[in-house]
């Protein structure tokens, strides 16, 4: 087998699972979900129809991914992170035609117990702090924390806080990569 599925996991017919992926205890993958290569889904992860995970995505324990969520490559979802897909749910109204898409761009990381309100885009390599409540889109490389989540700075691809000089340049202390801050946007300039 090209991937591993724990015996307690439920994988409905019609799922796509990439090579090298691992699906652990008590997961449920619904038909029509797509899991890329080298993904890891921890205990008790639910993946709904239409959800797609890129390659190298890590989903920690107790995360439910509902229709409308799309993760690009190398996304990290911390334990018990929460996602919504309807902005104003009511138990007595069916709103399955009102799902709002949520995009998690390449390399973004979401801390434990963070809540992501539907209809936002989380930028490439952004870092969402543990327990944050994200109600609006987050730029690439941004560090956001709190409830509601507010931007507190910028991080490198490696997750280190960036300190920009007067010229708007910063170096990642781990990789040595150089970043430029210009007009409220950060980009890697190596």
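Output yes when any residue across region 102-117 is assigned to a loop (DSSP other than H, G, I, E, B), more than 13 Å from the chain's Cα centre (by Cα), touching a residue at least 24 places away in the same chain (Cβ under 8 Å) and crowded, with 16+ Cβ neighbours inside 10 Å, and no when none is.
At the first step, the residues of region 102-117 found to be assigned to a loop (DSSP other than H, G, I, E, B) are 105-108, 111-114, 117.
Then drop every residue that is not more than 13 Å from the chain's Cα centre (by Cα), which leaves none.
No, region 102-117 has no match at all.
Given the criteria farther than 14 Å from residue 126 by Cβ, in a strand (DSSP E or B), in contact with a strand residue (DSSP E or B) (Cβ under 6 Å, 6 or more places away or on another chain) and modelled with pLDDT of 95 or more, does residue 151 qualify? Here the answer is no, as residue 151 does not meet what is asked. What are the residues in region 158-171 that are in a loop (DSSP other than H, G, I, E, B), surrounded by 14 or more Cβ atoms within 10 Å (Cβ to Cβ) and in contact with a strand residue (DSSP E or B) (Cβ under 7 Å, 6 or more places away or on another chain), if any? Result: 159, 162, 164. Among the conditions (1) over 19 Å from the mean Cα position of the chain (by Cα); (2) touching a residue at least 12 places away in the same chain (Cβ under 8 Å); (3) exposed (fewer than 14 other Cβ atoms within 10 Å of the Cβ), residue 147 misses just one, which is (1). The single condition among (1) out of contact with any strand residue (DSSP E or B) (no Cβ under 8 Å at 6 or more places or on another chain); (2) closer than 18 Å to residue 66 by Cα that residue 121 does not meet is (1).
Residue 139 passes every criterion in (1) surrounded by 19 or more Cβ atoms within 10 Å (Cβ to Cβ); (2) modelled with pLDDT of 95 or more; (3) within 16 Å of the chain's Cα centre (by Cα); (4) more than 19 Å from residue 60 (Cβ to Cβ) apart from (1).
The values are calculated or read from the model by the stated rules, or taken from the named source; none is laboratory data. Quantities reported herein were computed from a predicted structural model and do not represent experimental measurements. Don't worry about glycine lacking a Cβ; one is built from the backbone with ideal geometry, like all the others, and counts go over all protein chains shown.
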